[in-house]
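The values are calculated or read from the model by the stated rules, or taken from the named source; none is laboratory data. Remember, it's a predicted structure, so these values are computed and weren't measured experimentally. Methodologically, a virtual Cβ is constructed for each residue, glycine included, from the backbone with ideal geometry; neighbour enumeration extends over all protein chains shown.
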Amino acid sequence: MTENTVPEVDVVVLAYGDEPYLDDALAAVAASVGVRPRTVLVDNGTTREDLVDLCDRTGATLLRPGRNLGFTGGVNLGLAQGTAPYVALVNSDAIVASDALARLVAVAADPGVGIASGDIRLADDPSTMNSAGNPLHVLGLSWAGGLGEPAALHADARDVASASGAGLVLRREVWERLRGFPEEFFAYQEDLELSWRTWQAGLAVRYVPGAVVVHHYAFGRHPAKMYLLERNRLLFVLTTYGARTLALLALPLLAFEVAMLVVATVQGWGRQKLRGWWWALRHAGWVRARRRWVQGERAVTDRELARLWVTRFDPAVLPLPPGAGLLQGALAAYWRAVRPLL
């Protein structure tokens, strides 16, 4: 393989806060083999003062938009600077193995694949999974698939509902066709939204074992994060689900919204849950316009994608209150009954 045949990849890394793992993240990308990475570091509001020197050492290009664009805006800005045939997202607290990007590129090169999702491991124990691709619950929730499980259980490539934004690769043509992330999401659920639109476009999202990315993962729960998670789940459902799907799921979705408000109130972020509803109401015009565009672009029906939905939450990731098992069973039975109507 000559230098001219080694695929180029535009890699975007975002910086926010103190970023203790950023040096290692950028150095690991720079040390990648089998690809020629061109890294863009977007300063979304880091407190570090050595970014210029760090970029000089690692060959990254520094962008300073002057404000926090969120994950969605920062990634869109970073990838707009490049022209490489492949694009990659790598978290600032994620360390790619030297061959990880090359493995992801090899899978993303398949014309039937839209997104190649990495083999994301926990930094505390790299033999343990952080994400082997993320499931999608029929009510719009998603979580880290395989979290805490031995990596040996996830040694086979497979199609997954959603990629993990900690480490993934697309062909640039796919990224541009999908128009990147909706910047209104700001942060959280954007990898799910992009993944689902990839499926709707007739392209697969594939988990790639061996494309190891070691992630310093911590799922904190605080009101601002829960606001974005819940608001974006609602926006995701309202814009990507087909009309028939929304009609069939209307009662479970409404019941779940009420249940989530109760949970949010008990946990101290009830106002943030209400803020999410208020945002959607105030931006109803954007929601309608976004929905028209997303539904107009899709080439695959929800009936064809229904196999990717799950009806049970993972209790290891999403702790459930007593009695929730009965409700999950009822939802699963309901979905089995109405799914043939899609």
Open item on the list: Residues that are assigned to a strand (DSSP E or B), crowded, with 24+ Cβ neighbours inside 10 Å and in contact (Cβ under 8 Å) with a residue 40 or more places away in the chain: does segment 178-191 have at least one?
Closed with: no
Open item on the list: Based on this model, can you work out whether ASP18 counts as within 25 Å of TYR217 (Cα to Cα), of a type outside the set (Phe, Trp, Tyr), surrounded by fewer than 18 Cβ atoms within 10 Å (Cβ to Cβ) and modelled with pLDDT of 95 or more?
Closed with: yes
Task: Filter result (in contact with a strand residue (DSSP E or B) (Cβ under 7 Å, 6 or more places away or on another chain) and farther than 11 Å from VAL11 by Cα) within segment 66-84 - done: ASN68, LEU69, PHE71, GLY74, LEU77
TODO: Could you list, in sequence order, all residues of segment 238-295 that are closer than 27 Å to LEU341 by Cα and in contact (Cβ under 8 Å) with a residue 60 or more places away in the chain?
DONE: TYR241, GLY242, ARG244, THR245, LEU248, LEU249, PRO252, LEU253, PHE256, ARG290, VAL294
Open item on the list: Just checking, does segment 236-252 include any residue being within 28 Å of TYR16 (Cα to Cα), modelled with pLDDT of 95 or more and not assigned by TED's automatic domain parsing to the domain that holds ASN91?
Closed with: yes
Task: Single residue of VAL208, VAL212 found to be crowded, with 24+ Cβ neighbours inside 10 Å and either part of a loop (DSSP other than H, G, I, E, B) or of a type in the set (A, V, I, L, M, F, W, C) (or both) - done: VAL208
Task: Members of segment 306-342 found to be out of contact with any strand residue (DSSP E or B) (no Cβ under 9 Å at 6 or more places or on another chain), at pLDDT 95 or above and under 13 Å from PRO135 (Cα atoms), listed by number - done: ALA306, ARG307
Task: Residues of segment 106-144 that turn out to be among the small types (Gly, Ala, Ser) and surrounded by 21 or more Cβ atoms within 10 Å (Cβ to Cβ), as a count - done: 11
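One line per residue, one yes/no per condition, for (1) assigned to a helix (DSSP H, G or I); (2) without any contact (Cβ under 8 Å) to a residue 40 or more places away in the chain:
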{"position": "LEU14", "(1), (2)": "no, no"}
{"position": "ALA27", "(1), (2)": "yes, yes"}
{"position": "VAL33", "(1), (2)": "no, no"}
{"position": "ASP43", "(1), (2)": "no, yes"}
- [ ] Being among the β-branched types (Val, Ile, Thr), within 15 Å of ALA243 (Cβ to Cβ) and surrounded by 12 or more Cβ atoms within 10 Å (Cβ to Cβ) narrows it down to one of THR301, THR265, so name that one.
- [x] THR301
